[in-house]
Amino acid sequence: MIARRQRKIGVGRNQIKYMLVSVPLWTIGLILFYDCPSAAFFGSFAAALLTYPSYAGLQRKKDIMLQQRQFLHFLQSLSASIESGRSMEEGMEESLSRLLAQKEKRTDFLRGMEKIISDRKKSREADIYLLEKMAEESVLDDLQDFIRSYGICRRTGGDMEEAIGLTCQVISEKMKLQQELQVLSAQKRMEARLISLMPLLILLFLRLTSPDYIAPLYETGTGRVIMTLSILAIGAGYYWTDRIMEVRG
């Protein structure tokens with residue numbers, strides 16, 4: 001979306017939460033398809049592990065969007081500080097303090113800015129070198145572009161205030177466009193989810209009203225193969241519709 005490099009998905013609190021929620025849901029779904037509670041319970045762990053990377057990727061995208069919003073607010077505050085006569089170093093520290101005062105979630109962007117300000121005070125190293133180190137690790141294209149612009153302005157004596165204002169404008173327009181696209185695709189996403197749920201609802205209806213009619217699907221090897229292929233088809237359909245409607249920056 002707006003990331004140049006993907007980070008490895010770690011094992012931690014988020015994965016435990018996901019397993020606690022998804023394992024019961026997968027167990028219910030697999031019982032519906034195979035009518036074997038014990039196999040469904042153990043199979044649900046495998047299904048949850050297989051689907052966790054997709055969930056983690058979605059959470060990562062949300063985190064990147066949050067970082068981008070924080071960066072925009074940081075730049076807007078930095079621009080106001082520089083206009084009032086603050087230096088770049090003072091403006092960065094003041095802007096970060098304002099963000100932290102708003103009880104913002106501690107993202108990689110905020111932690112990176114805190115580290116830059118702390119290292120600059122300890123080592124007295126030029127902020128441009130610390131910012132360039134941060135840019136190498138950041139997933140925000142806009143942050144990387146801004147730091148490059150700042151480096152050029154610092155070395156050539158360019159108008160820093162104008163550069164910050166232009167960056168704010170570009171990021172604001174990009175985020176506005178992304179939000180409009182997400183609103184336009186929200187209805188289609190909901191329709192795709194409902195379509196994916198329809199086979200489950202139909203299967204549940206048949207099990208409640210005509211269990212003898214679908215008994216061969218649970219009692220024969222061919223029926224179990226058909227059920228397995230059905231699960232794979234539903235999963236593939238959901239995956240591709242989600243990819244088709246994905247908003248990329």
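On the basis of being more than 27 Å from Arg243 (Cβ to Cβ), among the hydroxyl-bearing types (Ser, Thr, Tyr), crowded, with 19+ Cβ neighbours inside 10 Å and in contact with a Phe, Trp or Tyr (Cβ under 7 Å, 6 or more places away or on another chain), does Ser95 make the cut?
Details: more than 27 Å from Arg243 (Cβ to Cβ): yes; among the hydroxyl-bearing types (Ser, Thr, Tyr): yes; crowded, with 19+ Cβ neighbours inside 10 Å: yes; in contact with a Phe, Trp or Tyr (Cβ under 7 Å, 6 or more places away or on another chain): yes.
For Ser95, the condition - more than 27 Å from Arg243 (Cβ to Cβ), among the hydroxyl-bearing types (Ser, Thr, Tyr), crowded, with 19+ Cβ neighbours inside 10 Å and in contact with a Phe, Trp or Tyr (Cβ under 7 Å, 6 or more places away or on another chain) - is met.
Being more than 30 Å from Arg243 (Cα to Cα) and of a type in the set (Gly, Ala, Ser) narrows it down to one of Ser138, Ser185, Ser118, so name that one.
Values: Ser138 fails: more than 30 Å from Arg243 (Cα to Cα); Ser185 fails: more than 30 Å from Arg243 (Cα to Cα).
After ruling out the rest, the residue left standing is Ser118.
Quick one: Ile231 ticks every box in (1) closer than 16 Å to Tyr34 by Cβ; (2) β-branched (Val, Ile, Thr); (3) without any contact (Cβ under 8 Å) to a residue 40 or more places away in the chain bar one, so which box is it?
(3)
Would you confirm whether or not region 161-184 contains a residue that is in contact (Cβ under 8 Å) with a residue 24 or more places away in the chain, surrounded by fewer than 17 Cβ atoms within 10 Å (Cβ to Cβ) and within 20 Å of Arg86 (Cβ to Cβ)?
We begin by selecting, within region 161-184, every residue in contact (Cβ under 8 Å) with a residue 24 or more places away in the chain; these are 161, 164-165, 167-168, 170-172, 174-175, 178, 181-182.
With the extra rule that they be surrounded by fewer than 17 Cβ atoms within 10 Å (Cβ to Cβ), the set shrinks to 161, 165, 170, 172, 174, 181-182.
Cutting the leftovers down to within 20 Å of Arg86 (Cβ to Cβ) gives us 161, 165.
Yes - at least one qualifying residue is present in region 161-184.
With the requirement that a residue be at pLDDT 80 or above, out of contact with any Lys or Arg (no Cβ under 9 Å at 6 or more places or on another chain) and of a type in the set (S, T, N, Q), what does region 103-148 give you?
Hits for region 103-148 are Thr107, Ser118.
In region 193-212, what residues are more than 32 Å from the chain's Cα centre (by Cα) and free of Cβ contacts under 8 Å to residues at least 60 places away in the same chain? Before you say what the answer is, go through the steps one by one.
Here is the first cut: in region 193-212, the residues more than 32 Å from the chain's Cα centre (by Cα) are 202-212.
Of everything in region 193-212, those that are more than 32 Å from the chain's Cα centre (by Cα) and free of Cβ contacts under 8 Å to residues at least 60 places away in the same chain turn out to be Ile202, Phe205, Leu206, Leu208, Thr209, Ser210, Pro211, Asp212.
The values are calculated or read from the model by the stated rules, or taken from the named source; none is laboratory data. Being a predicted model, the structure only gives us computed values, none of them experimental. Cβ: placed from backbone, ideal geometry, glycine included. Neighbour counts: every protein chain shown.
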